[in-house]
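Enquirer: Got a structure for you, written out below as structure tokens; questions coming shortly.
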Amino acid sequence: MKRVESFRNSYEEYLEVCRSINPGSGILDLRKLVKKELPSNYIGLPFGTCLIDYSNREYKYISENCQEISSYEKDEYKSGGLDFNWMLFHPEDKVVFSEQVFSDIKEYWKLIPSKEISEYRFSFNHRYFRKDGTISQILQHGTYLEPQSAGIPIINLLVFTDIGDFKTDTNMILTISRLVKGQGYLKVFSKTYHATRDIPLSARESEVLKLSLEGLSSKMIAEKLFISIQTVKNHKRHMMEKTSAKNIAELIHLCNKNNWV
């Protein structure tokens, strides 16, 4: 109780100090401060926005400040489309999103009349690889638009921000909210998903990777496993797609780090 009272007193003292500061006193001239510190082209907002067209798997629009948030430039997203964004997903979260999160999103779509879908907001977090190789977390709020005749929306208006400094566990959380007039967005669904630690590679892929670690070339691996060189190359390509690795060296590093081999 004493601790609570002490906090209250400290806070009230702080408020008294604030009340004593008059914006016109020169100590807190907000208009001058904003004009001085923020240039007219200032884009340092803590969130970015984009408009995704799923029919063409591309970004129709992405805000200029996306690099400040995700570390990637908007041209990288626009030229790479959804495939580029998918490549940045942490491999464990790819599995959870594909098999659980998006499945629940689609199930909820079926409950919403097409004309009302824009009143709903779908929010979830996931881990992603930043440009410097570090892993952070991103939170995105999506509003689906333009559902086609089957009720499947093909446009998504997204607001996204990096929450890596606040979200440090590996759980993904999906929250669905509905916009209610006079009340704002009210939560109608929420679910927490635990990241899987299962090996994302098939038995054959793991075999190919282990032989690569032993220094065998694709030709040597093909001969040892009695498969074609092209099949070996396909296995390597599939492994890199699953783990978002850019090359074999990065694939080996990720698999060693996560004990997948």
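Enquirer: Restricting the search to segment 109-134, which residues are within 30 Å of Asn247 (Cα to Cα) and surrounded by 17 or more Cβ atoms within 10 Å (Cβ to Cβ)?
Expert: Phe124, Asn125, His126, Arg127, Tyr128, Phe129
Enquirer: Kindly indicate which of Phe166, Phe160 is of a type in the set (Phe, Trp, Tyr) and either more than 28 Å from the chain's Cα centre (by Cα) or loosely packed, with under 15 Cβ neighbours inside 10 Å (or both).
Expert: Phe166
Enquirer: Is it true that Ser177 is crowded, with 17+ Cβ neighbours inside 10 Å, among the small types (Gly, Ala, Ser), assigned to a strand (DSSP E or B) and at pLDDT 90 or above?
Expert: The answer is yes for Ser177.
Enquirer: Something else about it: Of all residues in segment 180-207, how many are within 28 Å of Tyr108 (Cα to Cα) and not in a strand (DSSP E or B)? Let's see the steps before the verdict.
Expert: Looking only at segment 180-207, we keep the residues that are within 28 Å of Tyr108 (Cα to Cα), and these are 180-198, 200.
From the residues that got through so far, the ones that are not in a strand (DSSP E or B) too are 181-183, 194-198, 200.
Final tally of qualifying residues: 9.
Enquirer: Do we have any residue at all in segment 201-224 that's surrounded by 14 or more Cβ atoms within 10 Å (Cβ to Cβ) and under 20 Å from Trp86 (Cβ atoms)?
Expert: Taking every residue of segment 201-224 in turn, at least one turns out to be surrounded by 14 or more Cβ atoms within 10 Å (Cβ to Cβ) and under 20 Å from Trp86 (Cβ atoms).
Enquirer: Out of Arg204, Arg178, I need the residue that is closer than 30 Å to Phe226 by Cα and over 18 Å from the mean Cα position of the chain (by Cα). Which one?
Expert: None of the other options fit; the residue is Arg204.
Enquirer: For segment 50-63, check the following and say yes or no: at least one residue is modelled with pLDDT under 65 and either of a type in the set (S, T, N, Q) or on the phi > 0 side of the Ramachandran plot (or both). Steps first, please.
Expert: Initially, segment 50-63 is screened for residues modelled with pLDDT under 65, giving none.
Within segment 50-63, not a single residue is modelled with pLDDT under 65 and either of a type in the set (S, T, N, Q) or on the phi > 0 side of the Ramachandran plot (or both).
Enquirer: Looking only at strands (runs of 3 or more DSSP E) that fall completely inside segment 55-158, which ones have 3 or more residues that are closer than 26 Å to Lys187 by Cα, out of contact with any Pro (no Cβ under 9 Å at 6 or more places or on another chain) and assigned by TED's automatic domain parsing to the domain that holds Met172?
Expert: The strands (runs of 3 or more DSSP E) meeting that bar are 120-129, 135-147.
Enquirer: Still on this model: Considering only residues that are under 33 Å from the mean Cα position of the chain (by Cα), among the charged types (D, E, K, R) and in a helix (DSSP H, G or I), look in segment 208-261 and name the one that is modelled with the lowest pLDDT.
Expert: Ranking the qualifying residues of segment 208-261, first place goes to Lys257.
Enquirer: Next up: How about segment 195-240: which of its residues are in contact with a helix residue (DSSP H, G or I) (Cβ under 9 Å, 6 or more places away or on another chain) and in contact (Cβ under 8 Å) with a residue 40 or more places away in the chain?
Expert: Those that are in contact with a helix residue (DSSP H, G or I) (Cβ under 9 Å, 6 or more places away or on another chain) and in contact (Cβ under 8 Å) with a residue 40 or more places away in the chain: Ala195, Thr196, Arg197, Asp198, Ile199, Pro200, Leu201, Ser206, Leu209, Ser212, Leu213.
Enquirer: Could you check, for segment 161-169, whether at least one of its residues is closer than 30 Å to Trp109 by Cα, in contact with a strand residue (DSSP E or B) (Cβ under 9 Å, 6 or more places away or on another chain) and outside the structural domain of Phe89 (by TED's automatic domain parsing)?
Expert: No, segment 161-169 contains no residue that is closer than 30 Å to Trp109 by Cα, in contact with a strand residue (DSSP E or B) (Cβ under 9 Å, 6 or more places away or on another chain) and outside the structural domain of Phe89 (by TED's automatic domain parsing).
The values are calculated or read from the model by the stated rules, or taken from the named source; none is laboratory data. Please read all numbers here as calculations on a predicted model, not as lab measurements. Positions of Cβ are generated from backbone atoms using ideal geometry, with glycine treated the same way; all protein chains shown enter the neighbour counts.
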